[in-house]
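Step one of this worksheet: look at the structure below.
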Amino acid sequence: MKRAQLTPVFRFAPSPNGFLHLGHAASALINSALARRYGARLLLRIEDIDKGRTREAFVDAIFEDLEWLGLTWEQPVLRQSRRLETYAAAAKRLADLGFLYPCFASRAEINEAAVQCQSRLDLDGAPIYPGLHRDLSAVDVERRISAGEPFSMRLNMERAVKWVRERTEGEISYQEFDDEDGRQAVVVDPMRWGDVVLQRKDVPTSYHLSVVVDDGDQEVTHVVRGMDLKPATAIHRLLQELLGFAAPVYHHHALIRDALGNKLSKSDAATSLRSLREAGWSPADVIGRLGLEGLSG
Ligand code: GLU
């Protein structure tokens, strides 16, 4: 698929389920510096599909913390919670092509079946879905849906990968770019994720589906995010091919760690940007702590 536009597009896409910490600051600052260097547009996207964990106070805090860091972004800011119909439509396209199937199983049932059949672990360290409801008969599906049983929609990974491989000469890959604009092809194997959920039981989308649909619709050309999301790029590339979106190039930056070498987490108040600010840190201190002094536009 060809792009009509020439100006590159970057995006920073936090989830408002906690305060931004140093890791988010790194992503946001690297996005901003590279966007400036490339003469690109920079978008901010609020990834708030998780109703249970999203708080408006965290959304407000994202704007405040990023402004404090001196960052600017384009308006309007897209909020994923406003686009549920768009994601549902994308899922329907995939379902109509036979790539999705409903799964009624509970987490406990899935875990038990995974233990029974000794499922391998996926790239997040969770057992791969053991295929429990992949082959339910149409009659069974109809009966359970009519009875009001909640269900998620899962991707039939084998079918999807086969379809894409037939169109990409057997290989699924993406380009990883570095600070110097060097590029490297990375070959991925989405099968290592198994039949991922694309529509959750509680919301007609998932992180993977929304991020791909939004990057596609917003014509994002450069995705800059933490190394922890690098394995998920395999799923994102697959979905881009299935849905007919152009592939962005990716830069997965090193994760920021605490003094003990642990990954930072949202529940750790000590590294939140607001607590550092309250403790007297300046934006320059944050940049120094992250070792990003050299990264200028
Ligand atoms: N919303 C995701 C997060 O906060 C990041 C999504 C992405 O950059 O692809 O972890």
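Derivation of every value follows stated rules applied to the coordinates shown; laboratory data play no part. Computed from a prediction, not measured in an experiment: that's the story for all the values here. We place every Cβ from the backbone using ideal geometry, glycine too, and count neighbours over all the protein chains shown.
Residue separation times 0.36 nm, minus the C-alpha to C-alpha distance between Leu121 and Val139: what's the value? Walk me through the numbers on the way to the answer.
Values: separation 18, 0.36 × 18 = 6.48 nm, distance 3.16 nm.
Extra length available between Leu121 and Val139 comes to 3.3 nm.
Any of Lys230/Lys266; Lys230/Lys263; Lys51/Lys230; Lys92/Lys230; Lys92/Lys201; Lys92/Lys266 with alpha carbons more than 23 Å apart? Name them for me. Write out the running numbers ahead of the final one.
On the way: Lys230/Lys266 19 Å; Lys230/Lys263 15 Å; Lys51/Lys230 25 Å; Lys92/Lys230 27 Å; Lys92/Lys201 15 Å; Lys92/Lys266 33 Å.
Checking Cα-Cα distances, Lys51/Lys230; Lys92/Lys230; Lys92/Lys266 exceed 23 Å.
With contacts defined as alpha carbon pairs under 8 Å and 6 or more residues apart, what's the relative contact order of segment 148-297 in percent?
On the way: 156 pairs, mean separation 32.2, N = 150.
Taking the mean separation of contacting Cα pairs over the length of segment 148-297, I get 21 percent.
Any idea how far apart Leu292 and Arg79 come out in nm if each label point goes 7 Å out from Cα toward Cβ?
Spacing of the two 7 Å Cα→Cβ label points: 2.5 nm.
In nm, give the distance between the simple-model label positions of Asp228 and Glu158, each being 7 Å from the Cα along the Cα-to-Cβ direction.
Label at Asp228, label at Glu158, 3.3 nm between them.
Considering only C-alpha atoms, what is the centroid distance from segment 185-250 to segment 98-125, in Å?
Distance between centres, Cα-based: 20 Å.
Across the Cα atoms of the chain, what radius of gyration and what greatest pairwise Cα-Cα distance (Dmax) are found, in Å?
20.1, 64
Restricting things to alpha carbons, find the Rg to Rh ratio for segment 68-109 using the Kirkwood radius for Rh.
On the way: Rg = 17.5 Å, Rh = 13.9 Å.
Here Rg/Rh amounts to 1.26.
With only alpha-carbon atoms counted, please give the Rg and Dmax of segment 1-61, in Å.
13.9, 40
When a/c reaches 1.5 or more, the comparison of a/b and b/c decides; with that in mind, is segment 74-143 rounded, prolate or oblate per its Cα gyration tensor?
Working: a/c = 2.78, a/b = 1.48, b/c = 1.88.
Oblate, because a/c is 1.5 or more while a/b does not exceed b/c.
Helix 22-37 versus the longest principal axis of the chain: what is the Cα-based angle in degrees, 0 to 90, to the nearest 10?
The angle comes out near 80 degrees.
What value does segment 1-133 have for Rg/Rh, both radii from Cα atoms and Rh as Kirkwood defines it? Can you show the working numbers first?
Working: Rg = 19.4 Å, Rh = 18.1 Å.
Using only Cα positions, Rg/Rh for segment 1-133 is 1.07.
For a quick check of your reading of the filter: which chymotrypsin sites (Phe, Trp or Tyr not before Pro) in segment 8-88 sit in a DSSP loop and have no more than 11 other Cβ atoms within 10 Å? Intermediate results must be reported in sequence, preceding the final value.
Details: sites: Phe10, Phe12, Phe19, Tyr38, Phe58, Phe63, Trp68, Trp73, Tyr87; in loops: Phe19, Tyr38, Trp73.
Here no loop site has a sparse enough neighbourhood.
Per 0.36 nm of contour for each residue apart, how much would the distance between Asn111 and Gln184 grow if the chain were fully extended, relative to their Cα-Cα spacing?
On the way: separation 73, 0.36 × 73 = 26.28 nm, distance 3.71 nm.
Taking Asn111 through Gln184 to full extension adds about 22.6 nm, to one decimal.
Would you mind telling me which residue in Ala13, Ala88, Ala126 has the biggest mean-square fluctuation in a Gaussian network model of the chain, where springs connect alpha carbons within a distance under 10 angstrom?
Greatest mean-square fluctuation among the candidates belongs to Ala126.
For the chain, what is the calculated [θ] at 222 nm in deg cm²/dmol (nearest 500), taking -39500 (n - 2.57) for each run of four or more DSSP H residues and dividing by its residue count?
Numbers: 10 runs with 107 residues, N = 297.
Taking each H run of at least 4 residues, the total per residue is -11000 deg cm²/dmol.
Quick one, can you get me the convex hull of the C-alpha atoms of segment 114-259 expressed as volume per residue in Å³? Don't skip to the answer; put the middle values down first.
Numbers: hull volume 23.5 nm³, N = 146.
Enclosed volume per residue, from the Cα hull, is 161 Å³.
Which residues make up the longest stretch of the chain clear of trypsin sites (Lys or Arg not before Pro) that lie in a DSSP loop with no more than 11 other Cβ atoms within 10 Å, not counting the sites? Please list the in-between numbers first.
Values: sites that count: Lys2, Arg3, Lys51, Arg120.
My reading of the result: 121-297 is the longest stretch.
Segment 92-159: which chymotrypsin sites (Phe, Trp or Tyr not before Pro) are DSSP loop and have at most 15 other beta-carbon atoms within 10 angstrom? Can you show the working numbers first?
Numbers: sites: Phe99, Phe104, Phe151; in loops: Phe99, Phe104, Phe151.
Answer in residue order: no site qualifies.
Nearest 10 degrees, 0 to 90: what angle lies between the long axis of helix 233-243 and the longest principal axis of the chain (Cα atoms)?
That works out to roughly 60 degrees.
Shape of segment 42-113 from its Cα gyration tensor (a ≥ b ≥ c, root eigenvalues): rounded if a/c is under 1.5, otherwise prolate when a/b > b/c, or oblate? Could you put the intermediate results ahead of the total?
Values: a/c = 3.51, a/b = 1.81, b/c = 1.94.
Note, shape of segment 42-113 comes out oblate.
Using the Cα atoms of segment 173-277, I'd like the radius of gyration and the largest Cα-Cα distance, Dmax, both in angstrom.
In Å, with Rg to one decimal and Dmax whole: 15.9, 44.
I want to verify a result. In a Gaussian network model of the chain, Cα cutoff 10 Å, which of these has the top mean-square fluctuation: Glu85, Glu171, Glu180?
Checking each option, the largest mean-square fluctuation is seen for Glu180.
Can you tell me the orientation of helix 157-167 relative to the chain, as the angle in degrees between its alpha-carbon axis and the longest Cα principal axis, to the nearest 10?
Roughly 70 degrees, rounded to the nearest 10.
Share of antiparallel DSSP beta bridges in the chain, in percent to the nearest 5? Write out the running numbers ahead of the final one.
Details: 14 of 28 bridges.
Counting DSSP beta bridges with both partners in the chain, the antiparallel share is about 50 percent.
Connecting C-alpha atoms closer than 10 Å in a GNM of the chain, tell me which of Val249, Val203, Val139 has the biggest fluctuation.
Val139
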